[in-house]
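One structure is given here, and the rest of the page talks about it.
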Amino acid sequence: MGLSRKFRRGITEGPTPADALSTPRLPYPGGWSAVAFSEELKPGRVLTRPLMGEDVVLYRMRSGGIRAVRPYCPHLGAHLGLGDVEGDDLVCPFHRFAFGPDGSCVRTAYGASPPKASLVHLPVCEVNDAVFVWRHHDADRPQWDIPAWHTVGRPPVRHATWEMAGHAQEVMENAVDLGHFAALHGWANAELASPVVFEGVRFHVSMRVTERFPLLGEHRVEIEVDGHGLSALHTDVRTPGLGLEMCTLVTATMIAPGRMQFRQASRFAVAAPARWSPRAARLLGRALSRVLARPMFRWSCDFTAADFPIWNTKEYTSPPRLAPGDGPIGPFRHWARQFYPQNVGSQVLPGPGTGTGTKSSGSGHSGTAPSPPRQLSTEH
């Protein structure tokens with residue numbers, strides 16, 4: 001009886017995570033991938049993060065600079081994620097060989113001359129309160145930059161990280177999927193303010209919606225979305241009638257086939273009414289920004305989290321059977337092809353399909369144990 005109950009309680013129910021069912025249909029996209037928030041990488045800190053089936057070791061030197069290296073020591077193969085930082089040198093945990101900022105071995109622990117050995121550096125950049133590493137199937141060096149979106153002088157950033165099944169392209173595609181804003185997020189009157197623009201490695205979406213705020217009624221919300229590559233998305237959300245503004249960075253980083261880490265970081269500000277004196281308006285705006293920043297960030301995370309169970313269990317469908325009102329999903333997928341190897345079949349990466357509200361300003365450069373969604377870090 002006890003054994004039968006045990007097996008009955010252990011039965012699997014509900015959708016299985018997508019990366020547990022079949023081989024993912026989309027390969028890794030090339031470009032910049034976020035692997036940490038700046039706040040996580042203090043001076044002297046060493047972090048190990050998964051990226052596209054491999055570990056990447058990150059460390060911040062005492063002087064403030066960041067390095068990203070492949071994880072194994074060229075001496076005898078110890079994992080450098082277990083090492084530490086001395087000054088600006090990364091020190092291997094096994095024999096205490098030290099590697100300088102340029103990657104070369106600069107000393108040993110027992111007085112012997114350092115061997116002619118170097119760490120393998122990966123291109124890394126720090127922008128928008130996050131740390132990005134470049135991985136590309138066809139280019140060792142970065143082919144484009146991620147712009148600095150966050151406005152200087154805003155309140156401190158708040159951030160959170162989750163891990164789930166899914167693919168970075170699906171996350172970026174959400175920005176042009178107008179139909180899901182109504183069906184999943186409740187924005188029944190979402191509309192494009194101008195045609196979606198695809199230009200080079202960038203796309204831009206401009207939307208207008210009406211949102212109901214508790215005690216404040218309905219107000220017009222203006223949304224500007226900028227995507228760079230298939231892993232970095234920035235959204236500016238403004239409510240002019242209330243003086244509210246939030247800028248949010250969203251990143252989707254492939255860590256294994258069909259599996260990703262999703263990061264979200266936001267800054268929030270309130271502008272006091274113009275009738276106040278400049279000094280009083282500034283003080284009031286800062287006070288309101290501090291008070292409302294946490295609940296606004298939680299609202300933003302809850303809004304995004306409605307997509308988590310979808311990404312975690314969906315299959316990439318190609319070709320899609322699109323309907324009027326879906327938005328320019330076909331043109332988006334055509335634009336996305338540049339981030340994959342050229343030998344990926346067209347049955348996986350379709351060309352233009354049915355879509356509306358699209359303006360093409362360029363084709364871009366050629367280039368290229370499963371579990372439910374879980375939060376990896378708490379709100380900061």
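In the range 53-70, is there at least one residue being at pLDDT 95 or above, open to solvent by 70 Å² or more (accessible area, probe 1.4 Å) and out of contact with any helix residue (DSSP H, G or I) (no Cβ under 7 Å at 6 or more places or on another chain)? Taking every residue of the range 53-70 in turn, at least one turns out to be at pLDDT 95 or above, open to solvent by 70 Å² or more (accessible area, probe 1.4 Å) and out of contact with any helix residue (DSSP H, G or I) (no Cβ under 7 Å at 6 or more places or on another chain).
If we scan the range 283-301, do we find a residue that is under 23 Å from SER38 (Cα atoms), open to solvent by 40 Å² or more (accessible area, probe 1.4 Å) and either modelled with pLDDT of 85 or more or in contact with a helix residue (DSSP H, G or I) (Cβ under 6 Å, 6 or more places away or on another chain) (or both)? Yes: the range 283-301 contains one or more residues that are under 23 Å from SER38 (Cα atoms), open to solvent by 40 Å² or more (accessible area, probe 1.4 Å) and either modelled with pLDDT of 85 or more or in contact with a helix residue (DSSP H, G or I) (Cβ under 6 Å, 6 or more places away or on another chain) (or both). Among residues of the range 242-263 that are on the phi < 0 side of the Ramachandran plot and open to solvent by less than 10 Å² (accessible area, probe 1.4 Å), those with a beta-carbon under 7 Å from a residue that is outside any strand (DSSP E or B) and β-branched (Val, Ile, Thr) at least six positions away or on a different chain give the pairs CYS247/THR151; ALA252/VAL171; PHE262/VAL171.
Restricting attention to the range 125-151 and to residues that are of a type in the set (Val, Ile, Thr) and surrounded by fewer than 20 Cβ atoms within 10 Å (Cβ to Cβ), the residue that is farthest from HIS75 (Cα to Cα) turns out to be THR151. Of the residues making up the range 222-236, those that are surrounded by fewer than 22 Cβ atoms within 10 Å (Cβ to Cβ) and hydrophobic (A, V, I, L, M, F, W, C) are ILE223, VAL225. Can you go through ALA175, ALA190, ALA160, ALA252 and tell me which one is touching a Leu at 6+ places or on another chain (Cβ under 7 Å), within 19 Å of ALA305 (Cβ to Cβ) and at pLDDT 90 or above? Checking each option against the conditions leaves just ALA175.
Scan the range 89-116 for residues that are open to solvent by less than 50 Å² (accessible area, probe 1.4 Å) and modelled with pLDDT under 95 and the total you get is 1. Which count do you get for residues in the range 311-352 that are modelled with pLDDT of 95 or more, among the small types (Gly, Ala, Ser) and in contact with a Pro (Cβ under 6 Å, 6 or more places away or on another chain)? Of the residues in that region, 1 qualify. Being modelled with pLDDT of 95 or more and under 21 Å from PRO147 (Cα atoms), is that true of even one residue in the range 9-29? Yes - at least one qualifying residue is present in the range 9-29. Cβ-Cβ contacts under 6 Å between residues 6 or more apart (or on different chains), taken from a first residue in the range 115-134 that is closer than 18 Å to VAL250 by Cα to a second residue that is open to solvent by 20 Å² or more (accessible area, probe 1.4 Å) and in a loop (DSSP other than H, G, I, E, B), are listed as VAL127/ALA148; ASN128/TRP149; ASN128/HIS150; ASP129/VAL157; TRP134/PRO142. Taking the conditions (1) modelled with pLDDT under 95; (2) under 27 Å from the mean Cα position of the chain (by Cα); (3) in a loop (DSSP other than H, G, I, E, B) in turn, GLY241 satisfies each one other than (2). Does the range 160-171 contain any residue that is more than 30 Å from GLY77 (Cβ to Cβ) and either open to solvent by 20 Å² or more (accessible area, probe 1.4 Å) or of a type in the set (S, T, N, Q) (or both)? Yes, because at least one residue in the range 160-171 is more than 30 Å from GLY77 (Cβ to Cβ) and either open to solvent by 20 Å² or more (accessible area, probe 1.4 Å) or of a type in the set (S, T, N, Q) (or both).
The values are calculated or read from the model by the stated rules, or taken from the named source; none is laboratory data. A quick note: this is a predicted structure, and the numbers were derived from the prediction, not measured. Every residue, glycine as well, gets a Cβ built from its backbone with ideal geometry; the counts of neighbours run over all protein chains shown. Protein only, heavy atoms only, side chains kept; ligands, DNA and RNA dropped before computing areas. Shrake-Rupley method; radii C 1.70, N 1.55, O 1.52, S 1.80 Å.
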